[in-house]
2 protein chains.
Amino acid sequence: MKMKSRLNPHAMTRNLFALGLCLVLGARADMPPLRGLQEVNQAQVELRGGFWGPRLKTQSAVTIPHALDCLEADGHVTNFDKATGKFVGPLKGHHAFDSDLHKALEGALYSLQHFDDPKLRQRVDGILDRILAAQQPDGFLISYWIDQGLDKKWDDLRLEHQMYNAGHFFEMAVEHNRLTGETNVLNAARRFADHMDGIFGPGRRYDVDGHEEVELALVKLYRATGEPRYLNLARFFLDERGYVHGTEHKLFDPKTAVMPVKPEGKVTQEQQREFWHARLRLRNGRMQDHKPVVDQHRAVGHAVRAGYLYSAMADMVRFMGAPGYEPALDDLWSDVVGRKMYLTGGIGTGQYDDEGFGDPYLLPNDSAYCESCAAIANVLWQHRMNLLKGQSRYADVMELTLYNGLLAGISIAGNGFFYENPLVSDGNLRSSWIGLACCPSNLERILPQVGGLVYSCGPQQVYVNLYAAGEATLKLDKGAVVKIAQTTDYPWDGRIQLAVTPEQASKFDLCLRIPGWALGHPVPSDLYRFADSKAPAIGLKINGRKTAVSPRADGYVHLQRRWKAGDVVELNLPMPVQIVHAHEQVLADKGKVALMRGPLVYCIEAADYPGVDFPRLILPSKASFHAVPQPGLLGGVTVLEGNALADSQHPVKATAIPYYAWANREKGAMKVWIDQAP
Amino acid sequence: MKMKSRLNPHAMTRNLFALGLCLVLGARADMPPLRGLQEVNQAQVELRGGFWGPRLKTQSAVTIPHALDCLEADGHVTNFDKATGKFVGPLKGHHAFDSDLHKALEGALYSLQHFDDPKLRQRVDGILDRILAAQQPDGFLISYWIDQGLDKKWDDLRLEHQMYNAGHFFEMAVEHNRLTGETNVLNAARRFADHMDGIFGPGRRYDVDGHEEVELALVKLYRATGEPRYLNLARFFLDERGYVHGTEHKLFDPKTAVMPVKPEGKVTQEQQREFWHARLRLRNGRMQDHKPVVDQHRAVGHAVRAGYLYSAMADMVRFMGAPGYEPALDDLWSDVVGRKMYLTGGIGTGQYDDEGFGDPYLLPNDSAYCESCAAIANVLWQHRMNLLKGQSRYADVMELTLYNGLLAGISIAGNGFFYENPLVSDGNLRSSWIGLACCPSNLERILPQVGGLVYSCGPQQVYVNLYAAGEATLKLDKGAVVKIAQTTDYPWDGRIQLAVTPEQASKFDLCLRIPGWALGHPVPSDLYRFADSKAPAIGLKINGRKTAVSPRADGYVHLQRRWKAGDVVELNLPMPVQIVHAHEQVLADKGKVALMRGPLVYCIEAADYPGVDFPRLILPSKASFHAVPQPGLLGGVTVLEGNALADSQHPVKATAIPYYAWANREKGAMKVWIDQAP
């Protein structure tokens, strides 16, 4: 594996024009969207210092090698050797085992675009060689079936996750090609996709995978190769949801669907429960397969699958039009953001035992499932909605989920992982690895992508979606190349300085997202609100001169001017501590409040309350908190300090820490929503 | 051109098993539908005697050679010679000129499947050679642009009908392959389609043709070749309707659409009119391009285009699923059949000067546009709806349109053609040809296809949709081969005998359509009704034994039994003369009635009323008519005789002839809807 020069970060920062030049030199397709904004890939964004810089270093130095170690130890790689006959031990894991390895490699490939590491490159190369060696002559490449019987390789698609494996292989292959310019892995992905395209599709076999993923991955493969068959196949798989694929092809009808047999006679509680859940799973659309996607207007079922599905649907609108998809997406979004999302951006309750969405407003804090993968899926979806529509409300949810529900999944040291992320706990610590490795490998691959969420581009617009220290080189549709350097301590501090350096003076809109939290609302719905919705004035200066802060309907301030090298924009988003209330229909949060500052949700953790009966800790009716930076605590955080009542009555000093940072000290209780005295 | 033995009708009738055998031997793909019924191609159905036998003979002996003569004389063939440089005269006609020739050839190819004619074969071969010689290296094949400038060949797609030409070429090519087994023309069609697929599609160029046709043709090409790219491309073109395809790709918005500039200053009436119509065309969705097809719930715009579009949409549901299409189709169908269709099955009024649909219930008889092509499009659509849903109501509309609105377009002698088919006239005669030859060439190609409308098959069902003398060899999905011979004088007589001869005794449903008119309703909506809705009893016998007539919800009587050779079914549909009223909202028919018998709509024609002031002829309040066969009149018709009032008061003998047969004598006035004394 050699790295393409264009992706060497040092070359990039040294040479403003490298990107444009390399885009010309590179043979790699990058199909433009039909509609919406142009993605700014993380390869173009170097996050340094601030909040994310150290985290990405930890990711590179700790998380990635740790993940590969764990996966190798668990047999993810020898499974491929077994497929080629070079390993004679037992097959390990389950049918979706490959996907975890592909995700971890994808994470490594992102990271290598910023942190060159010859040892890691060599290691990735070695694993890739072993994976590719197992590819079958027809293109098929999943170790489980190569070992367990290729005659059954496409059986039971709704249960066996074949295409989920394939999708993660495709995503990884695209990043390998982006990093190295080499085509061996990408071509293997194409051969696999071509094999699928020869089996599935109109006039061929009609079926869908039970776990969505391949759909968004096929869009990526289309973008990287320019081959519209992959986009058509993605569309086919999306359109096929909601149908029954047996001897007949017909719409799924819950009334005539085969329900699990109701147990009779002496029935144990467990049998009864199993029947009930099986029934609910069927009824509740666990796989988002209960009706055609264009008819899905309520978010149901497994939250990770849902997030991947909705992501693929948004991609489909952006790259193909796909009439009917957007109205469905709009309703699904309103349903999730308005009725089914935790304050942390987490999604999925324990209600139906299906890792999925519960009923509207039913958001219990203890049994909040909030799978780390679901938070990741939510970030991917919100990012794509923002690319499709260019509206800040999607970035609001993306940011909220990123800093809270998602980041809580991984320890500050980078080697501990949560699968579930409830909003209250008696005490729990992250595992160093999880055998069912979807979450750790997903966390390993999402963080190095964060740079790609920061910006997006229109024909003559640069959108700043997130505030994060670092530099980016952007290319507008009309050809102008612009470098932007952000200096900020966000999210600890709301002051952001943006140095704008166009290749040559040119006219474009610099569009700054004014976060919802800075305008007095924590989420773009009425699901949560600040006790005090009066937001302090936001400051904005261009080259030292004050400018009005007038966000357009899209939620961005459009700074329209002829930009020239040396221009500096200063944005100041005041960050008061906010008391948050939930919608009155959220019974779980009745009489409780939460604390936020900027995009961060805070929690209280028993470690900060020695000698206090933590469960009986409440906030006084006039709770008052202020921010106190603690550079030495939990990797450097700003805590909130204020007043509380111990034993529901005695005043004590209260400390709240960012929710994402909980469970990084000793094991102890935690809560986000705290009872407040009337 | 050699004919494949399987398509020689004599071999077919001699050998029951020929079809099955040849389906095995033939290399030709015939992709099965994903849902709905299997089409029984006209090649499998030999219509002999009865109503259609003589007509198909006339078609073969008169119409086809006549059409080719006229097209050759008008320069349709030399246009291709000009493209190859073998002809130096001027290019003739317009950009859609090729399509007429393709349609006429398609008609000849259908006909040759039943009437072998070496001279015609040779002639078709000769023309095809000249067409194929003009194909460009990239696959492009439209004479107009080859001559006028290949650099502009895909410009102004919404106005120039490029794909309309291509679609008719594809349809013709498929029939050439079906008849001959040769692949030269089909391969040329594939090369042209591949060329289009390389230019249009996701990530390529997004655009649509202004005149739908290519969409249904690409489905045919897919069915004939098994190549899913053609189906995907058809879907792409369908999904792209409703978008603006310029520098941006966005939904068409009538509010911001560029309207024609309103003429100012001294404006002539004509200018004013032109502006108004241009505006209405835009607003009224002339090309069904005003919103995505899944959002189209009201039938608007050019009726031929609409019919072809809806046909392709029904195909798309049948062959691809296409979520969202079926609800739209259901609403469009209810809108057309319930509010916008003439009693003849004709569609399109003169209201917007766009050959298109008018407002609901606005069905003026004099300015009824009812283009022959629109009736053809309606038949194609209803046939496909029936194949999709297996419900007789679609066959009801298909039959009504076929015998009335469509058949009126062509003279009994087979060499006269109407473009418009109003329901009242001061007198008009069919032209021997029309320079804008869409209608004559379309009529030339639709009649030889009628056999293909008669039957359809389910897995274990034979559906009889139309009653027509002749024989058919059908193959059920499960493999059984069944021959059915109909003996009937339908539509003059409602007695039909069906001799059922399965290859070996086998169990299946013989499903007989009980026409709506035999159950007391002329159309499957409340748009028209019989004055007397009490229908006489229908007779049904199997091998001489009476059987109950109990149509299922699908409108068919399912005769479920183990059929064996020699089984005979006799159906007797009594055919009283019916007085028809229109819905009270159809102001044009207020105080008027029409006459029907069986599926035939009747009219009165001045030729039958010598010495009577035709315009003042009315029917008495108690009009009474009876059927009188007139074998010598108008190619053999049954007329209706009854009583009328001349000068609005004096009793006279009245005669009505089938609407389709009008204008086959001297030029004279005609009307379908006749004033009735209160």
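The values are calculated or read from the model by the stated rules, or taken from the named source; none is laboratory data. It should be emphasised that the depicted structure is a prediction, and the values quoted were computed from it without experimental measurement. Backbone-built Cβ (ideal geometry, glycine too); neighbour counts: all protein chains shown.
What the table below lists for this structure:
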quantity	calculated
Qualifying residue in the range A:108-127 (condition: within 16 Å of residue A:96 (Cα to Cα) and modelled with pLDDT of 95 or more)	no
Residue identified as part of a helix (DSSP H, G or I), modelled with pLDDT of 95 or more, touching a helix residue (DSSP H, G or I) at 6+ places or on another chain (Cβ under 6 Å) and away from chain A (no Cβ under 14 Å) among B:394, B:419, B:403	B:394
Matching helices (runs of 4 or more DSSP H) fully within the range B:45-136 where at least 1 residues are within 17 Å of residue B:449 (Cβ to Cβ)	B:52-58, B:64-74, B:97-112, B:118-133
From the options B:229, B:241, B:204, B:235, residue that is within 14 Å of chain A (Cβ to nearest Cβ), over 28 Å from the mean Cα position of the chain (by Cα) and of a type in the set (D, E, K, R)	B:204
Test set (1) buried (at least 24 other Cβ atoms within 10 Å of the Cβ); (2) at positive phi - residue B:169 fails condition number	(2)
Any hit, the range A:157-174, residues being within 17 Å of residue A:75 (Cα to Cα) and β-branched (Val, Ile, Thr)	no
Residue tally, condition at positive phi and touching a helix residue (DSSP H, G or I) at 6+ places or on another chain (Cβ under 6 Å), over the range B:375-390	0
Meets criteria (hydroxyl-bearing (Ser, Thr, Tyr), within 30 Å of residue A:320 (Cα to Cα) and either in contact with a Gly (Cβ under 8 Å, 6 or more places away or on another chain) or exposed (fewer than 13 other Cβ atoms within 10 Å of the Cβ) (or both)) for residue A:230	no
Count - residues of the range A:414-433 that are over 19 Å from the mean Cα position of the chain (by Cα) and among the hydrophobic types (A, V, I, L, M, F, W, C)	3
Meets criteria (in contact with a strand residue (DSSP E or B) (Cβ under 6 Å, 6 or more places away or on another chain) and closer than 27 Å to residue B:341 by Cβ) for residue B:492	yes
Strands (runs of 3 or more DSSP E) within the range A:422-508 that include 2 or more residues within 20 Å of residue A:382 (Cβ to Cβ) and modelled with pLDDT of 95 or more	A:455-457, A:461-464
Qualifying positions in the range A:106-137 - in contact (Cβ under 8 Å) with a residue 12 or more places away in the chain, charged (D, E, K, R) and surrounded by fewer than 24 Cβ atoms within 10 Å (Cβ to Cβ)	A:116, A:117, A:121, A:123, A:125, A:130
Test: residue in the range B:315-325 that is in a helix (DSSP H, G or I) and closer than 20 Å to residue B:528 by Cα	no
Residue within the range A:209-219 that is part of a helix (DSSP H, G or I), under 27 Å from residue B:225 (Cα atoms) and either at pLDDT below 90 or of a type in the set (Gly, Ala, Ser) (or both) present	no
Answer residue from the range B:302-337, given it is among the small types (Gly, Ala, Ser), in contact with a helix residue (DSSP H, G or I) (Cβ under 8 Å, 6 or more places away or on another chain) and more than 11 Å from chain A (Cβ to nearest Cβ) and is surrounded by the fewest Cβ atoms within 10 Å (Cβ to Cβ) among those	B:311
Test result for residue B:289, modelled with pLDDT under 95, within 13 Å of chain A (Cβ to nearest Cβ) and surrounded by 24 or more Cβ atoms within 10 Å (Cβ to Cβ)	yes
Residue check, residue A:103 basic (Lys, Arg), buried (at least 21 other Cβ atoms within 10 Å of the Cβ), within 27 Å of residue A:147 (Cα to Cα) and modelled with pLDDT of 95 or more	yes
Subset of the range A:135-163 (residues that are at pLDDT 95 or above and under 19 Å from residue A:218 (Cα atoms))	A:135, A:138, A:139, A:140, A:141, A:142, A:154, A:162, A:163
Enumeration of residues in the range A:58-76 that are β-branched (Val, Ile, Thr) and surrounded by 17 or more Cβ atoms within 10 Å (Cβ to Cβ)	A:58, A:63, A:64
Residue in the range B:348-361 that is under 15 Å from the mean Cα position of the chain (by Cα), over 24 Å from residue B:519 (Cβ atoms) and at pLDDT 95 or above present	yes
Total residues in the range A:338-360, condition buried (at least 24 other Cβ atoms within 10 Å of the Cβ) and not in a loop (DSSP other than H, G, I, E, B)	4
Selection within the range A:584-616 - aromatic (Phe, Trp, Tyr) and touching a residue at least 60 places away in the same chain (Cβ under 8 Å)	A:602
Those residues of the range A:41-98 which are touching a residue at least 40 places away in the same chain (Cβ under 8 Å) and among the β-branched types (Val, Ile, Thr), in sequence order	A:45, A:58, A:62, A:63, A:64, A:77, A:84
Options B:209, B:194, B:147, B:155: the member that is over 16 Å from residue B:31 (Cβ atoms), within 14 Å of another protein chain (Cβ to nearest Cβ) and acidic (Asp, Glu)	B:194
Residues (more than 10 Å from every other protein chain (Cβ to nearest Cβ) and either buried (at least 22 other Cβ atoms within 10 Å of the Cβ) or not aromatic (Phe, Trp, Tyr) (or both)) located in the range B:246-260	B:246, B:253, B:254, B:255, B:256, B:257, B:258, B:259, B:260
